[in-house]
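Peer 1: Before I ask anything, let me first share the structure, which is written out below as structure tokens.
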Amino acid sequence: MSIIQLVLPDFLLIALGWALFHKLKFSSEFFRGAEQLVYFVLFPALLFHSITQTPLSLSGTYTLLQATMAVMAFGVAMAWLAVPTLRPDPIAHASVAQCAYRFNTFMGLSLAGGLAGASGQTIMAVIVGFAVPISNVAAVHALARQNGGKIFKEILRNPFIIATILALLCNILGVPIPKPVDTVLGRLGACAIAIGLMCVGATLSLNGGKGAARLMTWMLAVRLLLTPVAAIAIGWALELSVVERQILLLFSALPTASSAYVLAARMGGNGQMVAVTMSLGTLLSALTIPFWLMIGANP
């Protein structure tokens, strides 16, 4: 399968979501309900099912944790380097900094499955499970440094993290998953990616962000160009397998998730700027993801 054939279905689903909301006038309430279904039911099922499909070892999982932490630390550090370099408005920076290190999990798991099958999707699920708490801590801390207690409470209740921990325990300890349960989880997970990507399309917007072109460009460059370079170096340094290096590179090249906009809007940040940055990143990733996948195909 060519790289274009691999990424095209995901972007067609995003385009469908955009058309449903902006052209066919599906309501915002419809998409809010769909997002809640994905967040609390479908995507946790996908994570659990993906992680339990391929046997994992403690040593291999620990190495993936190291790689994930290194990639995320690079993104966060580069996002904050914009402060002394560009001297942006503090609220604008706190809002849009997350666009340098947050990631679209729906695209990640979909593309990982197409790239490397069940093993690739399992590796991506583990990486995502490790990265979710890191990205949440960094993003929330930037917007509300005084709410540290609430940050960790929300993280412990995060359905993605709960599903990841339970799945890792079942996988490493060899806990069998009953066939009917596994089938149900697989069917729920199959729905997650399609609905999640359509919800991403519904949130796309290019209105707003005036006067912050340099700041938005900085975050997009970190997310789509610099972080993949760091991921290549990290993969080699930690001696990851070829498949693990490819999936880590794919993870590092994913555009920002629409949850970044939701967080900024709810915490008094500049949500519109984040929406524009996220939308531009999603559109540009149609070019950058194929490029990095071609690089990863030649390890």
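The values are calculated or read from the model by the stated rules, or taken from the named source; none is laboratory data. The shown structure was predicted, so the numbers you read here are calculated from the model rather than taken from an experiment. Reconstructed Cβ throughout: ideal geometry from the backbone, glycine too, with neighbour counts over all protein chains shown.
Peer 1: When segment 154-188 is examined, which residues are found to be among the polar types (S, T, N, Q), in a helix (DSSP H, G or I) and out of contact with any Gly (no Cβ under 9 Å at 6 or more places or on another chain)?
Peer 2: Of everything in segment 154-188, those that are among the polar types (S, T, N, Q), in a helix (DSSP H, G or I) and out of contact with any Gly (no Cβ under 9 Å at 6 or more places or on another chain) turn out to be Asn171, Thr183.
Peer 1: Let me ask something else. Among the numbered criteria (1) exposed (fewer than 13 other Cβ atoms within 10 Å of the Cβ); (2) farther than 21 Å from Gly129 by Cβ, which single criterion is violated by Gly174?
Peer 2: Here Gly174 clears every test but (2).
Peer 1: Based on this model, can you work out whether Ser259 counts as in contact with a Lys or Arg (Cβ under 8 Å, 6 or more places away or on another chain), polar (S, T, N, Q) and within 23 Å of Pro9 (Cα to Cα)?
Peer 2: Values: in contact with a Lys or Arg (Cβ under 8 Å, 6 or more places away or on another chain): yes; polar (S, T, N, Q): yes; within 23 Å of Pro9 (Cα to Cα): yes.
Criteria met by Ser259.
Peer 1: Which residue pairs have Cβ atoms under 8 Å apart, sit 6 or more places apart or on different chains, and have a first residue in segment 31-58 that is under 18 Å from Leu166 (Cβ atoms) and a second that is not in a helix (DSSP H, G or I)?
Peer 2: Short answer, once both residue conditions are applied: Thr52/Ile177.
Peer 1: Could you tell me which of the residues Leu283, Leu240, Leu263, Leu248 is part of a helix (DSSP H, G or I) and over 20 Å from Pro133 (Cβ atoms)?
Peer 2: Leu283
Peer 1: I've got another one for you. Does Ala73 fit the bill of being under 18 Å from the mean Cα position of the chain (by Cα), at pLDDT 90 or above, closer than 22 Å to Ile162 by Cα and of a type outside the set (S, T, N, Q)?
Peer 2: no
Peer 1: Could you tell me which of the residues Thr122, Thr54 is in contact with a Ser or Thr (Cβ under 8 Å, 6 or more places away or on another chain), surrounded by 22 or more Cβ atoms within 10 Å (Cβ to Cβ) and among the hydroxyl-bearing types (Ser, Thr, Tyr)?
Peer 2: Thr122
Peer 1: Hey, any hits in segment 270-288 for a residue that's over 17 Å from the mean Cα position of the chain (by Cα) and under 18 Å from Ala70 (Cα atoms)?
Peer 2: no
Peer 1: Cβ-Cβ under 6 Å, sequence separation 6+ or interchain: first residue in segment 6-20 and under 15 Å from Cys199 (Cβ atoms), partner hydroxyl-bearing (Ser, Thr, Tyr). Which pairs?
Peer 2: Between residues of segment 6-20 that are under 15 Å from Cys199 (Cβ atoms) and residues that are hydroxyl-bearing (Ser, Thr, Tyr), the close pairs are Asp10/Ser110.
Peer 1: A follow-up question, please. Just for segment 272-299: of the residues that are of a type in the set (Gly, Ala, Ser) and more than 15 Å from Ala202 (Cβ to Cβ), which one is surrounded by the fewest Cβ atoms within 10 Å (Cβ to Cβ)?
Peer 2: Residue satisfying both the conditions and the ranking: Ala297.
Peer 1: So, restricting to helices (runs of 4 or more DSSP H) that lie completely within segment 29-147, which ones have at least 2 residues that are over 22 Å from Arg157 (Cβ atoms)? Break it down stepwise before answering.
Peer 2: Working: elements: 43-51, 58-86, 90-96, 105-143.
Output list reads 58-86, 90-96, 105-143.
Peer 1: Could you run through segment 1-28 and say how many residues are part of a helix (DSSP H, G or I) and within 30 Å of Ile295 (Cβ to Cβ)?
Peer 2: Within segment 1-28, the subset part of a helix (DSSP H, G or I) is 3-22, 28.
Those still in the list that are within 30 Å of Ile295 (Cβ to Cβ) too: 3-18.
So the count comes out to 16.
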